[in-house]
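Worksheet: the structure to be examined is printed underneath.
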Amino acid sequence: SVYPPALGSPQAVDGVLTVRSQLHTAAAALALALALVCLAAGTLLRFAKPYRALSLLCLCLAGATAGPALHGLGLAWTGSPGQRACYYGIFLALLWTVGRVCSLPKRLRYAACGVGIAVCALVLLQPLLPAERAGTLFALSALLGLYKILSALFLLGAGAWAVRRGKRGSAALLCGGAIFAGALLMDRLLPVYEPVYGGWFVELAGWAI
């Protein structure tokens, strides 16, 4: 991102961009390390908890936050289909995790994850879609916005259902679902928000979970 000189001297703006790049580099590196730990726990130790889903969540967090760091290497990652797929991959990983921990019926889990996979594929294939009319882009934006709302409701509903049934770990997931729903609400209320140093609302909520 480029900030206008009216926001400060060139040296000050350059300092902000440098700090932002360093923070995002550290966050992406930490997310990749956590992804490897979760993958090892799920594969080598064969724990029952959904560590593979958590590994996917960490990988998607790394991909979603690595934009400023990759920009410094000359790679146009921010706003690319890959970066957006990682962003929506956070939703998919959360749906997978919540479905497993809350012991939701398999049909419901598979349906939720299927929709999540379809959204990620749609975002990746967006450059190939005909976008000669503005209505196509508006329709896609509305569809993705609806997906965010339904994901938040799914996380809250699944957490509340599991808490009522006394499922282990469900209370923590309900709190995480509330954080994620709040992040999506702020994302809708502040559509032009752009972080100066940290990440966007969904990225921060993913870290919290």
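Over the stretch 58-99, the pair-distance histogram of Cα-Cα distances with 10 Å bins from zero comes to 32, 47, 17, 4 percent, rounded to whole numbers.
Pairwise inverse Cα distances across the stretch 70-209, averaged and inverted, put the Kirkwood hydrodynamic radius at 16.2 Å.
Please sort through the DSSP H helices of the chain and keep those with an alpha-carbon extent of at least 15 Å along the long axis and a Kyte-Doolittle average not below 1.0. Kindly include the intermediate steps, with their values, before the conclusion.
Details: long enough: 10-43 (49 Å, 1.19); 51-65 (21 Å, 1.45); 81-101 (30 Å, 0.65); 106-125 (28 Å, 1.48); 134-164 (45 Å, 1.50); 170-189 (28 Å, 1.48).
Going by DSSP H runs, the hits are 10-43, 51-65, 106-125, 134-164, 170-189.
Packing-based ranking of 165-176, 139-150 yields 165-176, 139-150, ordered from highest to lowest mean Cβ neighbour count within 10 Å. Solvent-accessible surface of the chain, averaged per residue with a 1.4 angstrom probe and all protein chains in place: 57 square angstrom. Max-minus-min Cα coordinates of the stretch 103-153 on each principal axis give 44, 20, 11 Å, with the largest extent listed first.
From the helices alone, meaning DSSP H stretches of at least four residues, give me the mean residue ellipticity at 222 nm for the chain, per-run term -39500 (n - 2.57), in deg cm²/dmol to the nearest 500.
Values: 8 runs with 155 residues, N = 209.
When only DSSP H runs of four or more count, the value is -25500 deg cm²/dmol.
The values are calculated or read from the model by the stated rules, or taken from the named source; none is laboratory data. Here the structure is a predicted model, which is why all the values come from computation and not from measurement. So basically every Cβ, Gly included, is an ideal-geometry build from the backbone, and we count neighbours across all protein chains shown. Accessible surface areas use protein heavy atoms only, side chains included; no ligands, DNA or RNA. Shrake-Rupley method; radii C 1.70, N 1.55, O 1.52, S 1.80 Å.
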